[in-house]
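Just below is one structure, and these are the notes that go with it.
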Amino acid sequence: MKNGRDSHDTYKYVRTDTSTLDKVIDVHDVFVKRSKLRVLFSYIGRLILLANILLLLIQKDNLSIGSFWRLFLGVVSAKILQYKPIKKESVVIMPSFGVQLETHYWSGRIDRKFIPMGKILKPVLNECVTPVTCYWSLVLVLRDEDRLTLVFLKLRPPIKILVPVWKALCKSTNLEDHSHFLK
């Protein structure tokens, strides 16, 4: 069993490879480091929104444009300060079966998606450029699909964490010629 660990400011990467004669399962977990300050700001944002709504209900005789701006700013601040309830995202690679993508939430809910190995054409590291930021994502090109499938649906881990997952996906889909990309 091989274990790989890597850490980032926001994310923690753990790789577990259980290779025996009977089974080969490669699990890549990306944990979100939970910040108590971020949770506190989330509650403060909700309290600001609740206070603005209560103030509008109390002052319903004096509604004006300023009241609606206050409500709008309350909603925006609550949305900005909202805490993302994701605990971790996992990629479970079973070379003979397929790839299972999992999203674990702090509430205990788990979303799973299974992709058969025969449907995967190629894993691709994709650079996403927006007017505000630039980030990397890991996607799967699937057979008979018009769209790319994101491996990490909710998180945006850095390239340093995406590369080992990408290499493992290339190895499991027999596309090991990735020496030309990253060394």
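Tabulated values for the structure
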item: Rounded FRET efficiency, nearest 0.05, which uses the C-beta distance separating C128 from A51 and R0 of 35 Å; result: 0.40
item: Separation of the I25 and R38 label points, Cα + 7 Å toward Cβ, nm; result: 2.8
item: Kirkwood Rh, Cα atoms: Rg over Rh of segment 84-183; result: 0.96
item: Mean separation of Cα contacts under 8 Å (6+ apart) over length of segment 36-80, as relative contact order %; result: 56
item: Rg and Dmax of segment 36-80, Cα atoms only, in Å; result: 11.6, 40
item: Extension gain, R143 back to D17 (0.36 nm per residue minus Cα-Cα distance, nm); result: 42.7 nm
item: Segment 38-162: relative contact order as a whole-number percent, Cα under 8 Å and 6+ apart; result: 16
item: Using θ = phi - 60° and Karplus 6.51 cos²θ - 1.76 cosθ + 1.60, couplings along segment 129-134 (whole Hz; Gly, Pro as x); result: 10, 10, x, 9, 8, 9
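Since every read-out is calculated from the coordinates, none of them should be taken as a lab result. These numbers were taken from a predicted model, which means no experiment stands behind them. Heads up, the Cβs are rebuilt from the backbone with ideal geometry, glycines too, and the neighbour counts pull from every protein chain shown.
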